[in-house]
Amino acid sequence: MLRSAGAGGVSGKLVLCYGLSSSWELSAAGGYQESALYPKVENAEGSFSRIILLTTLKYHIPWTLSGTLKIGGGVGYYSPGDLDIDLSNVSGGAHNIFSYESNIGFHLTCDYELESTSRFSWGLGLKYYNTSYNLQSAKSNGVSVPINFLPQELKDETMKLDGNGIDLTIFVVVLL
């Protein structure tokens, strides 16, 4: 069975942070994330793409002389996403696009930031996020298909898309 997740994949984002105190920071982030169809096959393509806006409150724990552990959580807005599955190279297949409603979800983070200079640092982190997407509309080969006309098996797989995930992040910090 082929699947495309509503989580994970590849993303890029811009994060702005404000130090509330020496122990707390508040950040706002915006970015784009895309997940690919798996397992990879030769005659089909698929992806799920969305825009993500996050606010996060983090607590700083000094870990080493130049490193800090940052633990936090927050809320995120997950834009309407499109699950684009192209099975047109499969006998009887079609190019289907399932569009999903936007949603609000929460996330937890744990980052380790290592200061390299007074203006530059880098780090590694883990982020768990919890959200889901509800099907809003469907198209097959460019033609809108009423959701209630979808076969039950397809409805079962597409009506609610799981957006939960754990991301490994690698980041660079430049102080302005």
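The values are calculated or read from the model by the stated rules, or taken from the named source; none is laboratory data. None of these values were measured; they are calculated from a predicted model. Don't worry about glycine lacking a Cβ; one is built from the backbone with ideal geometry, like all the others, and counts go over all protein chains shown.
Observations, loosely collected:
- Evaluating Ser102 against the criteria (1) touching a Phe, Trp or Tyr at 6+ places or on another chain (Cβ under 9 Å); (2) surrounded by 14 or more Cβ atoms within 10 Å (Cβ to Cβ); (3) in contact (Cβ under 8 Å) with a residue 40 or more places away in the chain leaves one unmet condition, (3).
- Selection status of Ile52, exposed (fewer than 14 other Cβ atoms within 10 Å of the Cβ) and in a strand (DSSP E or B): no
- Every pair of residues 6+ apart whose Cβ atoms lie under 9 Å, when the first sits in the range 64-91 and is in contact (Cβ under 8 Å) with a residue 60 or more places away in the chain while the second is among the basic types (Lys, Arg) and not in a loop (DSSP other than H, G, I, E, B): Tyr78/Arg50; Gly81/Arg50
- Where Leu65 falls short, out of the listed (1) in a loop (DSSP other than H, G, I, E, B); (2) among the aliphatic types (A, V, I, L, M); (3) surrounded by 17 or more Cβ atoms within 10 Å (Cβ to Cβ): (3)
- Residues (among the hydrophobic types (A, V, I, L, M, F, W, C) and either touching a residue at least 60 places away in the same chain (Cβ under 8 Å) or under 19 Å from Ser47 (Cα atoms) (or both)) located in the range 144-176: Leu154, Met159, Leu161, Ile166, Phe171, Val173
- With respect to the stated conditions, Leu83 fails to be in contact with a strand residue (DSSP E or B) (Cβ under 8 Å, 6 or more places away or on another chain), surrounded by fewer than 19 Cβ atoms within 10 Å (Cβ to Cβ) and part of a strand (DSSP E or B).
- Among the residues of the range 5-27, those identified as at pLDDT below 85 and surrounded by fewer than 14 Cβ atoms within 10 Å (Cβ to Cβ) are Val10, Gly12.
- The sole residue among Ser144, Ser132 that is surrounded by 15 or more Cβ atoms within 10 Å (Cβ to Cβ) and small (Gly, Ala, Ser) is Ser132.
- Scanning the range 87-102 for residues that are touching a Gly at 6+ places or on another chain (Cβ under 7 Å) and outside any loop (DSSP other than H, G, I, E, B) turns up just one, Tyr100.
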